[in-house]
Amino acid sequence: MSTIYILWLRQLKRYFRSRARIIGSLGQPLLFLLALGFGLGPIYQKAGNGNYIQFLVPGVMAMGIIFTALFSGIEIIWDRQFGFLKETLVAPTSRLQIMIGRTLGGATVALFQGLIILFLSFFVGFRPQSISFLLVALVLTFLIALLFTALGTAIASVLEDMQGFQLIMNFLVMPLFFLSGALFPLQGLPKTLDVIARVNPLSYGVDGLRGTLINVFHFGLLTDFLVLGIITALILILGGYLFSKIQI
């Protein structure tokens, strides 16, 4: 347990020591929130769907979480190239504990990222429908962060160069985000897009956040938790297996 705690704490220290990293990682979510929120807001309202900022914030939160969570995997490649990973792996502790510690640390960082976006959204007019559901939203936020941090760890465990990791992440992140219903309602989609949205795990994260924050569900809270929980468990198992096979 001490190994898990140390690695978790190390991830947090890395995050909070880098102000540039915190500010830089907020740039894209804030751009989406301001440009789309105010740019498409009048059109969305004229269509009879209400306040677009209210609808958009949960999706932008999910974007900030998934970007931070997935790209935390690049630290494995960085540590491998500079020898820190070798020092960690030869320590008298199991690789599973090392993987869990790093994953929990990355997920906690992604959780903070989502909470910062939620806090900033209050300045552009966002208001949650029910304060009592904020704790549920917090649990969902951490579950999303844990899922995609584990996925980033699994991918980084089989790659050896940062360029390859970044290419795969860019290929993976944008489709996951744009096809999750983060920017548009899932009701009435063409059949093909509806099927893609249903197999996209981020769709259930966005739906859960939107439901707990503004009481607008598509799949339902129980379905969101069930799907996210099952996929997270599977990805954690996969990530643990791939991490245990890293050659040093």
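Please give the net charge around Leu202, taking every other residue with its beta carbon less than 13 angstrom from that of Leu202, where Lys and Arg add +1 and Asp and Glu add -1.
Numbers: positive: Arg198, Arg210; negative: Asp207, Asp224.
Within the 13 Å Cβ shell, the charges total 0.
Suppose R0 equals 41 Å. What FRET efficiency, 1/(1 + (r/R0)^6) with r the Cβ-Cβ distance, do Lys245 and Ile23 give to the nearest 0.05? Let's see the in-between values first.
Values: r = 36 Å, r/R0 = 0.88.
Plugging the Cβ-Cβ distance into 1/(1 + (r/R0)^6) gives 0.70.
Determine the calculated [θ] at 222 nm for the chain from helices alone, applying -39500 (n - 2.57) to every DSSP H run no shorter than 4 residues and normalising by the residue count; nearest 500 deg cm²/dmol. Working shown, then result.
Working: 12 runs with 184 residues, N = 248.
Using -39500 (n - 2.57) per qualifying helix, the result is -24500 deg cm²/dmol.
So how tilted is helix 201-214 from the main axis of the chain? Cα-based, degrees 0 to 90, rounded to 10.
Here the helix axis deviates by roughly 50 degrees.
Taking the Cβ of Phe219 as the centre, find all other residues whose Cβ is under 11 Å away and add up their charges (Lys, Arg: +1; Asp, Glu: -1). The partial results should precede the final answer.
On the way: positive: Arg198, Arg210; negative: Asp207, Asp224.
Combined, the nearby Lys, Arg, Asp and Glu give 0.
Within segment 45-68, whose backbone N sits under 20 Å from a point 7 Å along Cα→Cβ of Leu221?
54-59, 61-62
Can you give me the angle between helix 95-121 and the longest principal axis of the chain, using Cα atoms only, in degrees from 0 to 90, rounded to the nearest 10?
30 degrees
Mind giving me the nanometre distance, one decimal, between the label points for Arg95 and Met174, set 7 Å out from Cα along Cα→Cβ?
Using points 7 Å along Cα→Cβ, the separation is 3.4 nm.
With θ set to phi - 60° and the Karplus curve 6.51 cos²θ - 1.76 cosθ + 1.60, what are the ³J(HN,Hα) couplings of segment 230-246 in order, to the nearest whole Hz, using x for Gly and Pro?
Rounded to whole hertz, the list is 5, 5, 4, 4, 5, 5, 5, 5, 4, x, x, 5, 5, 5, 5, 9, 4.
Residue separation times 0.36 nm, minus the C-alpha to C-alpha distance between Ser130 and Arg10: what's the value? The partial results should precede the final answer.
Working: separation 120, 0.36 × 120 = 43.20 nm, distance 3.48 nm.
Separation in residues times 0.36 nm, less the Cα-Cα distance, equals 39.7 nm.
Put a dot 7 Å past each Cα toward the Cβ at Leu31 and Ile116; how far apart are the dots in nm?
So the two model labels end up 1.6 nm from each other.
With the chain treated as a Gaussian network of Cα nodes joined by springs under 10 Å, which of Gly37, Gly188, Gly106 yields the largest mean-square fluctuation?
Gly188
Could you give the nm distance between label points at Ile230 and Trp78, where each point is 7 Å from its Cα heading toward the beta carbon?
3.6 nm
Residue farthest toward the positive end of the dipole of the chain, with Cβ of Lys/Arg at +1 and Asp/Glu at -1: which of Phe177, Leu134, Tyr52?
Most positive-ward Cα: Leu134.
Want the number for Leu193 to Ile237: 0.36 nm per residue separation, take away the alpha-carbon distance, what's left?
Values: separation 44, 0.36 × 44 = 15.84 nm, distance 2.89 nm.
That pair, Leu193 and Ile237, stretches by 13.0 nm at full extension.
Between the helical axis of 162-178 and the dominant principal axis of the chain, each derived from Cα atoms, what acute angle in degrees is found, rounded to the nearest 10?
It is inclined by approximately 20 degrees.
Under a Cβ-Cβ cut-off of 13 Å, what is the net charge of the residues other than Phe243 that fall near it, where Lys and Arg count +1 and Asp and Glu count -1?
Numbers: positive: Arg80, Arg95, Arg102, Lys245; negative: Glu75, Asp79.
Charge balance in the 13 Å sphere: +2.
Bear in mind these aren't lab numbers, they're just calculated from the coordinates by the rules spelled out. On a predicted model such as this, the values are computed, not experimentally measured, just so you know. So basically every Cβ, Gly included, is an ideal-geometry build from the backbone, and we count neighbours across all protein chains shown.
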